[in-house]
Structure formats: structure tokens, C-alpha cells
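To start, the structure under review is shown below, and the notes come after it.
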Ligand code: SF4
């Protein structure tokens with residue numbers, strides 16, 4: 001069913017030769033990250049040393065994982081590539097679209113009713129194209145990947161930022177936008193800037209109340225929310241070896257919260273134990289044979305400063321439990337007195353309304369067992385929980401095993417709600433309030449990863465603090481943010497003063513994992529007769545039609561759609577929030593196209609002039625008027641246009657509506673690539689001051705578009721309302737292949753043509 005041992009053996013078979021070659025070329029011992037990266041070059045054997053933080057390199061990932069929200073557009077696009085099957089093993093996981101409200105059974109039933117068409121679509125596409133499908137309730141993508149697919153030394157990409165979780169099993173696993181996933185599914189290379197490397201040496205040993213979660217909360221404090229940007233964080237040292245595999249997963253998972261490209265750990269006994277416990281003894285056996293290639297070279301551990309761009313050291317024996325938040329994951333506070341002071345000073349509500357345990361970050365068997373040891377102690381000591389408690393198991397396998405072993409029963413005895421094995425409150429899929437916008441100020445503590453405003457429940461006044469599962473459980477009994485379980489006592493129902501002992505738990509289930517229905521649906525061997533299910537009148541899904549190439553002759557009467565003023569992120573171009581519902585329906589989601597961008601001429605959003613009738617209106621409506629008349633438009637923007645998330649909708653929507661070109665002072669690189677992939681012109685001003693020459697009624701003529709070629713600027717003749725003209729020189733970064741995409745109408749059209 002699950003993993004492909006032959007593929008893994010292939011990765012290992014080539015590893016020695018490639019890594020030895022890379023070491024020779026780089027001229028020094030290699031870190032683990034470098035070994036994995038050099039073993040996954042698209043061109044095979046390494047031929048040159050890459051400069052970290054500078055060179056763009058083509059890679060060949062081993063796997064792809066997609067979650068239900070991002071998979072929709074990715075798969076709709078993949079269907080355009082003309083392939084029978086995905087080129088690389090791929091799985092789809094239904095976890096984001098399930099709202100937590102009453103409890104697992106009712107919530108799953110409701111999700112299956114409300115998002116039925118999306119799940120049906122994903123299942124049918126998966127079945128057709130050889131993609132493994134994990135049904136709603138099967139679990140959260142990253143926990144399922146760790147249990148089934150991750151393997152030491154592998155490289156994977158996933159359409160979710162916490163794909164990095166698989167670093168817990170020694171992978172280089174990276175979150176990407178849908179467009180990147182589509183490329184790899186279609187058999188193309190995946191490009192990444194060769195990352196910088198941050199080494200974290202863990203000395204000492206975790207004990208007592210301190211958990212792997214506290215390690216990453218500490219790292220977040222040290223590096224801050226942006227400190228890992230463009231880097232792989234590699235953990236090593238005796239403290240790393242002494243930690244469970246799933247604990248390593250927690251640390252890697254929250255690497256996303258420091259902006260890291262990914263995080264990883266070297267292969268060790270804990271990983272071997274985990275592989276064996278999850279019925280992958282053959283992977284462990286294969287990994288054991290190449291063990292030396294699945295960790296850094298010994299010299300790296302002896303003097304890490306010589307091999308990493310930055311080195312941090314954390315003594316786990318000195319680390320205590322932390323609470324990070326509110327509103328940012330890098331604001332660390334020690335439990336107890338320090339929290340009392342900070343909460344008082346900052347007016348954080350001391351009373352804790354909810355404790356939430358689970359999410360992809362902390363929902364392993366070990367996490368649940370340690371938290372349940374506190375829950376059991378509370379029951380035994382005659383305590384009741386003062387905060388409400390919710391549990392999101394990470395997978396059906398964990399849930400089933402935890403239920404069999406009485407762990408979930410302990411939480412239920414306390415009145416906790418067991419939610420579906422899904423994201424739920426971690427992604428705002430939590431029906432906590434009727435009207436979240438006007439909900440009261442309050443605090444919650446959870447073992448999730450993200451805690452920015454509104455993330456959990458849509459309430460901007462919810463102060464969310466991130467903690468380990470065991471600390472979350474203890475705080476739920478106290479109902480207070482400043483409770484220190486190591487020193488403080490609580491009064492039980494008999495009026496006695498009681499104190500918690502340290503949490504205990506099992507790294508792995510003593511009786512082994514078990515599951516009845518894991519929720520996996522294998523694709524057909526031959527999916528050619530499978531029909532992809534999309535209802536004609538669906539408002540959430542729409543099959544794509546290939547974009548027509550933009551003809552040169554149509555670029556002589558191009559109208560200005562909007563001159564965006566200041567920051568214009570992908571959120572301004574394609575807003576999230578309620579629009580997420582339409583992620584699989586290009587025409588419907590295009591009604592949010594650029595509605596967040598500020599019009600430079602009136603400083604208003606979603607209010608632009610229609611040159612055809614002089615009327616002002618919304619950007620999508622105005623653009624649709626131009627499209628009806630067969631007139632292409634241009635969007636003009638400022639610096640770093642398209643920064644933010646890598647969502648491909650920000651390029652697909654303008655393309656769908658008939659925008660031919662985007663001309664800006666500078667691009668965010670991923671967005672620039674996305675525009676190229678959709679067959680549009682992504683141009684930059686040669687002279688930034690020319691931005692000021694653009695006026696509201698301008699018409700553009702792309703005078704030399706017929707000679708579009710690499711390294712050759714394009715000239716735009718701009719005609720203003722009074723008939724006067726300006727000539728603007730624009731630059732671009734298209735290479736020959738990318739000009740091919742433009743000429744074919746999109747990168748996918750090109751792939752399809754090549755396949756044909
Ligand atoms: Fe993302 Fe939370 Fe789901 Fe993990 S549990 S995949 S962080 S939404």
C-alpha cells in the first residue's frame with residue numbers, strides 16, 4: 001500500500017557514489033543536508049559545488065504530498081499536462097476541510113456532507129492518475145506521511161508549509177506552492193535556491209516536564225520568526241539522539257515558524273525503532289546499510305562552526321517548559337512567575353478557556369500518552385479540568401491505538417472533546433463562536449504550531465499560547481496561564497492540596513500500533529477509464545481549459561487595469577479567508593482578483609477606471625468588461641510585487657481574466673515564476689522612475705514583442721489620454737524554455753505538447 005521500498009532502495013543505491021563525488025567537489029566534509037541535496041540533483045551526479053543562499057538548483061524529489069485545500073487547483077492543473085500518471089509517488093490527504101464542533105463522529109459526517117464534492121473530486125482524480133488518497137478522517141497529512149512515507153535521506157515536497165515535519169525521520173521535506181508540485185507530478189525538475197545551513201547542537205537530555213516542543217519553542221525565541229529564512233536547520237548532538245523520532249518531528253514541524261526552508265535530523269536508533277514500529281523494518285534495514293550517508297560526516301559534528309553558516313547550542317538538561325505567544329510563536333515565556341509578570345504587564349487574560357492537544361505538530365502516540373499521564377493523575381488526585389479540553393489525534397492509527405490503550409478514555413473521563421483526526425482548530429476550522437469577530441478577549445493554550453490572531457477560532461481577541469501537550473494538559477486543570485506544574489499545587493474536590501508528578505509516557509505503543517480502517521484508498525493500476533467527478537453546476541470546482549497563447553498582434557492596444565500602489569502581496573492579488581472555498585474554481589475565485597491592491601490614482605482598493613466607459617468599478621468586474629471586448633490589459637506595480645504565499649491563484653486569476661502582462665519595479669521571485677508558468681509577461685522597469693509616467697488612461701503597445709528573446713529588453717510605447725507618448729524600456733528574466741511557455745500559452749501547454 002504505502003511506501004515504495006524499491007524507490008527508497010534506489011535512492012540509497014546511488015547515494016554513496018553521489019555523496020562521495022559531492023564531497024570531493026565541495027572539498028570538505030559534508031553536512032547531512034548537503035548529502036541529501038547532492039543526492040537529489042535533477043542532473044544526477046554532482047558536477048559543481050553550489051553556493052549556499054545564491055545558486056538556483058534543479059532537484060528531483062522522491063515524493064509529493066498534497067492536502068485537500070491546496071490539492072484542488074494543483075490537480076486541476078496536473079490534469080492539463082496530458083499525463084496518464086503522476087511522475088513521482090504522490091498522496092492526497094483530506095484534513096483541512098473538516099470543522100471541529102461537536103466531536104469526531106458528528107463533525108466528520110457534516111464535513112462529508114458539506115465538502116462531499118471536493119472529496120469526491122480528489123478521490124476520483126487520485127484514482128485516475130495513480131495518486132494515493134487518504135480519505136477524510138484518515139489523519140493529518142504530516143502525521144500520515146511520517147507514519148507511512150517519510151524515510152531517512154529522502155527528499156519530498158508538499159503543498160503545505162508543515163511538510164517539513166518529515167525531517168523528524170531524516171528527510172529534507174519542503175513546503176511548496178501548487179505550481180511547483182504540478183511541475184514535479186508532470187515529470188519536471190523542481191528548482192530551489194541552495195539553502196544556507198544552520199546547525200543546532202543539542203547537548204544534555206530532556207527530562208521531567210521538558211518536551212521536544214520546548215526545544216523548538218526555544219529555537220524560535222533564539223532565531224525569531226524570520227531567523228531560519230532560506231536555511232535548512234540541522235539538529236545533532238547527544239540530545240538529538242536521546243529524543244524520540246516523533247519528538248524530532250515536532251521540532252522539524254515548527255521549523256516553519258522560524259521561516260526555515262526545512263529542518264532535519266541524522267538517522268539514529270530512534271528512527272530505526274519508529275520505522276520498525278510502523279511496519280517498515282525493510283526501510284530500516286536498507287537505511288542501516290547506508291547509515292554513514294544518513295548523518296553528517298564526523299568532522300562536522302566535531303567543529304560545526306566550520307561547516308554551518310550559523311551554529312546554536314542548547315543544553316536540554318537546562319531547558320524548562322515554555323509557553324510561546326500570544327500572536328507570535330517566537331515570544332517565549334517560562335512557566336510560572338515569569339508568565340505572571342508578563343501577563344499582568346501586557347494584560348493577557350490569565351484564565352485559560354481551552355486547552356487543545358494535537359494537530360500535526362504534537363499528536364503522536366508519545367504526545368498523547370504523556371498528556372494522558374497528567375490527565376490520569378488529575379483524576380486520581382480528585383481534580384477536575386477548569387479549562388475545556390479538546391484533542392485532535394494526528395491519524396486514525398494513532399487514534400485507534402490510543403483508544404485501544406485507554407488513553408482517549410482518560411481524556412473522555414475528564415469531559416474532553418475528541419475531535420476528528422484532522423486539522424480542525426489548528427486552521428480556524430473550529431466552530432467555537434457564532435460571531436467570532438465580536439467574541440470576547442480570552443486565552444487558550446494549545447500544542448499546535450501557529451498562534452497568530454484569529455488562526456484557531458477566528459476571534460481576533462483570542463490570545464493563543466503554544467506549549468507541549470503535557471503542559472497543556474496540566475494548565476487545563478489549573479485553568480490558569482501562570483500555573484507552574486513543577487512547583488504549584490491545586491486544591492482538589494475534597495479541599496486537599498495536590499501536586500502533579502512529572503509526566504510519563506511511551507515513545508511507542510507497548511503493544512504496537514493497530515488500526516482497523518486507516519482511510520487509505522489505493523489508486524487503480526490503470527486509471528484510464530476513471531471519470532473525474534466535477535458537477536457541472538459546482539461553485540467550488542471547475543475543470544480548467546488550457547490558456548490560449550497571447551498573440552503578438554493583440555498586444556498593440558493593451559489597457560491599464562490597475563497601477564498598484566505600495567505593497568502588493570499575493571494576498572492583495574488573491575485574498576484568502578472566505579475565498580478559500582473557491583480554490584478549485586478558477587472563474588469564481590477570480591472574483592477576488594486584485595481586490596486588495598491599492599489603486600495608485602485614488603488610493604482606494606477595488607476601485608479602478610474602466611477606460612471603455614470612464615466608469616469606476618471593482619477590479620474583476622472592470623477586467624471582465626475588457627475581456628468581453630477582447631482587449632488585453634496590463635497591471636503595473638511597485639517593489640517586491642507578489643511577495644507572500646506562493647499560491648498560484650495569484651497568477652492564474654489575472655491570466656484567466658485576460659491580463660497579458662505585469663510590469664513592476666521588482667518581483668517576488670516565486671510569483672514572477674508563477675506568472676511565467678501561466679504564459680504571461682512578467683516585466684520590470686529598466687528605469688524605476690518610469691513607474692511615475694504611467695497614467696490612469698494609458699494604452700500600451702508592445703512594439704517588439706515579436707522579437708521576445710532571452711536577455712533582450714522589451715520596449716513599450718505608452719499612449720496617454722492627451723495623445724502624448726512615452727517609451728518605456730522593460731527587462732525580463734525569461735530563458736528560452738520560459739519563452740516557450742509564453743508562446744504555448746502556459747508551461748502546462750508546453751508539457752502537454754511535449755508529451756504528445
Ligand atoms: Fe497545517 Fe495545522 Fe493541519 Fe498541521 S494541523 S497541516 S499546521 S492546519
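The values are calculated or read from the model by the stated rules, or taken from the named source; none is laboratory data. Please read all numbers here as calculations on a predicted model, not as lab measurements. Positions of Cβ are backbone-derived with ideal geometry, glycine not excepted, and every protein chain shown enters the neighbour counts.
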Listed by range, strands (runs of 3 or more DSSP E) wholly within the stretch 78-163 having at least 2 residues that are away from the ligand (no atom under 16 Å from the Cβ), in the same structural domain as residue 250 (by TED's automatic domain parsing) and under 20 Å from residue 516 (Cβ atoms) are 132-134
Give just the number: which of (1) outside the structural domain of residue 654 (by TED's automatic domain parsing); (2) surrounded by 15 or more Cβ atoms within 10 Å (Cβ to Cβ); (3) within 30 Å of residue 98 (Cα to Cα) does residue 547 not satisfy?
(3)
Would it be correct to say that residue 34 is more than 16 Å from the ligand (Cβ to nearest atom) and either more than 24 Å from residue 148 (Cβ to Cβ) or not assigned by TED's automatic domain parsing to the domain that holds residue 193 (or both)?
yes
Conditions (1) touching a strand residue (DSSP E or B) at 6+ places or on another chain (Cβ under 8 Å); (2) under 27 Å from residue 651 (Cα atoms); (3) surrounded by fewer than 22 Cβ atoms within 10 Å (Cβ to Cβ): number failed by residue 261:
(3)
Flagged in the stretch 417-464 as within 16 Å of the ligand (Cβ to nearest atom), more than 19 Å from residue 580 (Cα to Cα) and assigned to a loop (DSSP other than H, G, I, E, B), in numbering order, are 419, 420, 421, 432, 447, 448, 449, 451
Matching residues in the stretch 308-341 - criterion: being touching a strand residue (DSSP E or B) at 6+ places or on another chain (Cβ under 8 Å), surrounded by fewer than 18 Cβ atoms within 10 Å (Cβ to Cβ) and outside any strand (DSSP E or B):
309, 317, 320, 327
Mind checking which residues of the stretch 185-195 are touching a strand residue (DSSP E or B) at 6+ places or on another chain (Cβ under 7 Å) and either surrounded by fewer than 24 Cβ atoms within 10 Å (Cβ to Cβ) or over 23 Å from residue 229 (Cα atoms) (or both)?
185, 189, 190, 191, 192, 193, 194
Count - residues of the stretch 704-739 that are in contact (Cβ under 8 Å) with a residue 40 or more places away in the chain, touching a strand residue (DSSP E or B) at 6+ places or on another chain (Cβ under 7 Å) and assigned to a loop (DSSP other than H, G, I, E, B):
1
Filter the stretch 400-416 for residues that are under 29 Å from the mean Cα position of the chain (by Cα) and not in a loop (DSSP other than H, G, I, E, B); the one that is farthest from residue 141 (Cα to Cα) is 408
Which ones in the stretch 534-566 are part of a strand (DSSP E or B) and over 25 Å from residue 65 (Cα atoms)?
558, 559, 560, 561, 562, 563, 564
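Limited to the stretch 465-507, what total is found for residues that are assigned to a helix (DSSP H, G or I) and over 23 Å from residue 251 (Cβ atoms)?
Adding up the residues that qualify gives 3.
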Can you find even one residue in the stretch 526-533 that is touching a strand residue (DSSP E or B) at 6+ places or on another chain (Cβ under 7 Å), more than 23 Å from residue 221 (Cβ to Cβ) and part of a loop (DSSP other than H, G, I, E, B)?
no
